[in-house]
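Chemist: Just passing along the structure, written as structure tokens.
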Amino acid sequence: MTKALEGIRIIDFTHVQAGPACTQLLAWFGADVIKVERPGAGDVTRSQLRDIPGVDALYFTMLNSNKRSITLDTKTPEGKQVLEQLIRGSDVMVENFGPGALDRMGFSWDRIRELNPRMIWASVKGFSDGHHYEDLKVYENVAQCAGGAASTTGFWDGPPTVSAAALGDSNTGMHLAIGILAALRYRDKTGRGQKVAVSMQDSVLNLCRVKLRDQQRLDRVGYLEEYPQYPHGTFSDVVPRGGNAGGGGQPGWVLKCKGWETDPNAYIYFTIQGHAWAPICKAIGKPEWETDPAYMTAEARQDKIFDIFATIEDWLKDKTKFEAVDILRKFDIPCSPVLSMKEIANDPSLRKSGTVVEVEHKARGKYLTVGSPIKFSEMSVEVTGSPLLGEHTDEILKDIGYTPEKIAELHAAKAV
Ligand code: CAO
């Protein structure tokens, strides 16, 4: 089956998570992604948080499937020549090194486009070019703090909190992938490459836009009616942390189910969507609330929202989270069990859809990884295991025109 990005060669000069997540997505869609790694060590995630001694860590394997790996010391003259040759023959180069690292290596954007005017150079940094923090190195949680996620996540009586979701890393990689696809389309039309830059701060903020919305509402009216602080608590002049309240304006909360005392995930998320009020009243055995003026409207409910949640928890106390959702789904009530990673790993629907897949790795054997969350009607995504360090070095060198003698010289010079 034809893949959308077949014939596109990508130099994957990335490490850790933000860059690799982007190039992995493009590899899933058929691009030939060549991961360039330092000889000996490779991407730091190969050895981070290892669960099997001497074997690439899951951190690496889950972000680098469907790629080829070449080792290359790009600080040696021979290594630089190989990189130049790769640049001449590739469509996209992705990097997420610290600020200025590629310039120091001799591969500025000017140099890259001199080598290949059709090249799309895609770059992740913590902060955007020209930002007053542009010189900072950035990891996930730093970006969540800089992008507005941490100040608005957690409970009002606790500190700013970061999310377990990789809003700074993988999310930035997804933004970069979108930028690369747009630049490829632009190149199809004009023949010209370009630089695509995405910052982690900007990508986090792009997902926190409802909080920027709330800041402006707060500035104007002094309160936010869908937050738990309303109407009994107080508001300052900044968007507060709202616990588990729904960001979109629908009151919702994480509610205890049967077994919560011993199971940390025996909860459901329950949303009190305006149009679902009548079915909610029926489902939880409170039909009288449907026509009671004290409960009929969202405004009327807001000052007793936690009493309502307590009533629903009382209804939930003899039901597991799965039993509860099975009842509530019949009433069209938006809700979900709070799923643990163990439950997700074994979820038959996620396996069937290819969202969670088991793949083979040469040294590790089988491992679980995420598959494409994007499904196509005309294209299938087949996830393969990640490459060993330098597994394809000679093969790639041959692809770009190196003879066996030249390849042997590169090995002797320790450039690959
Ligand atoms: N051959 C020779 N040298 C290589 C090489 C290769 N194949 N690949 C990388 N290097 C060198 C780089 O040239 C650079 O050297 P100099 O600092 O001497 O110029 C160095 O390795 C990499 O530096 P770095 O700053 O990227 O690495 P770090 O571990 O100090 O910082 C990180 C890591 C992630 C904080 C930083 O890369 C960064 O801020 N990246 C941008 C933001 C980002 O993507 N962060 C998300 C990471 S996922 O949490």
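The values are calculated or read from the model by the stated rules, or taken from the named source; none is laboratory data. In this text, all values refer to a predicted model and were calculated from it rather than measured experimentally. Methodologically, a virtual Cβ is constructed for each residue, glycine included, from the backbone with ideal geometry; neighbour enumeration extends over all protein chains shown. Side chains are part of the model used for accessible areas, which takes the heavy atoms of the whole protein and leaves out ligands, DNA and RNA. Shrake-Rupley method; radii C 1.70, N 1.55, O 1.52, S 1.80 Å.
Chemist: Give me Rg/Rg_expected for region 327-416, where Rg uses Cα atoms only and Rg_expected = 2.2 N^0.38 Å with N residues.
Modeler: In units of the 2.2 N^0.38 Å rule of thumb, it is 1.79.
Chemist: Who wins for biggest fluctuation among GLU37, GLU140, GLU226 in a Gaussian network model of the chain, springs between alpha carbons below 10 Å?
Modeler: The residue with the greatest mean-square fluctuation here is GLU226.
Chemist: Averaged per residue, what accessible area in Å² does region 359-416 show with a 1.4 Å probe, protein chains only?
Modeler: 58 Å²
Chemist: I'd like the orientation of helix 321-330 relative to the chain: the angle between its Cα long axis and the longest Cα principal axis, in ° from 0 to 90, rounded to 10.
Modeler: With rounding to tens, the tilt is 70 degrees.
Chemist: Okay, moving on. Report the residue, chosen from LYS330, LYS398, LYS125, that carries the largest GNM mean-square fluctuation when the chain is represented by alpha-carbon nodes joined by springs under 10 Å.
Modeler: Top of the fluctuation ranking is LYS330.
Chemist: In the structure shown, do any of LYS319/LYS375; LYS125/LYS375; LYS137/LYS189; LYS330/LYS375; LYS258/LYS282 have a Cα-Cα gap over 24 Å, and if so which?
Modeler: Violating the 24 Å limit, Cα to Cα: LYS319/LYS375; LYS125/LYS375; LYS137/LYS189; LYS330/LYS375.
Chemist: Sum up the charges of everything whose Cβ sits under 15 Å from the Cβ of GLU299, counting Lys and Arg as +1 and Asp and Glu as -1, but leave GLU299 out.
Modeler: Overall, the nearby charge balance is -2.
Chemist: While we're on this one: Using the C-alpha gyration tensor of region 168-239, what are the square roots of 5 times its eigenvalues, in whole angstrom, with the largest one first?
Modeler: 40, 12, 9
Chemist: Is any residue of region 154-191 close enough, with backbone N under 19 Å, to a label point placed 7 angstrom from the Cα of PHE376 along the Cα-Cβ axis, and if so, which?
Modeler: Under 19 Å, as judged by backbone N against the label point of PHE376, lie 174-189 of region 154-191.
Chemist: OK, next. Taking 7 Å along the Cα-to-C-beta vector as the label spot, tell me the LEU388-ILE327 distance in nanometres, rounded to one decimal.
Modeler: 5.6 nm
Chemist: What number comes out for the charge environment of GLU114, summing +1 per Lys or Arg and -1 per Asp or Glu over other residues with Cβ under 11 Å away?
Modeler: +1
Chemist: Quick one: net charge around LYS256, please, counting Lys, Arg +1 and Asp, Glu -1 for every other residue with C-beta under 11 Å from its C-beta.
Modeler: Once all neighbours under 11 Å are counted, the net charge is 0.
Chemist: Please turn the phi angles of region 348-362 into ³J(HN,Hα) values with the Karplus equation 6.51 cos²θ - 1.76 cosθ + 1.60 (θ = phi - 60°), one per residue in order, whole Hz, x for glycine and proline.
Modeler: Result, rounded to whole Hz: x, 5, 5, 5, 5, 7, x, 6, 10, 10, 9, 10, 9, 10, 4.
Chemist: By how many degrees, 0 to 90 and rounded to 10, does the Cα axis of helix 77-88 deviate from the longest principal axis of the chain?
Modeler: Here the helix axis deviates by roughly 70 degrees.
Chemist: Just to be sure I understand: with springs between alpha-carbon atoms less than 10 Å apart, which residue in ASP135, ASP56, ASP169 has the highest mean-square fluctuation in the Gaussian network model of the chain?
Modeler: Judging by the Gaussian network model, the answer is ASP135.
Chemist: Would you please put 170-179, 145-154, 277-286 in order of how densely packed they are, using the mean number of other Cβ atoms within 10 angstrom per residue and starting with the highest?
Modeler: 170-179, 145-154, 277-286
Chemist: Let me ask something else about it. Based on Cα coordinates alone, diagonalise the gyration tensor for the chain, multiply each eigenvalue by 5, take square roots, and list the semi-axes in whole Å, largest first.
Modeler: Three semi-axes, in Å: 48, 25, 18.
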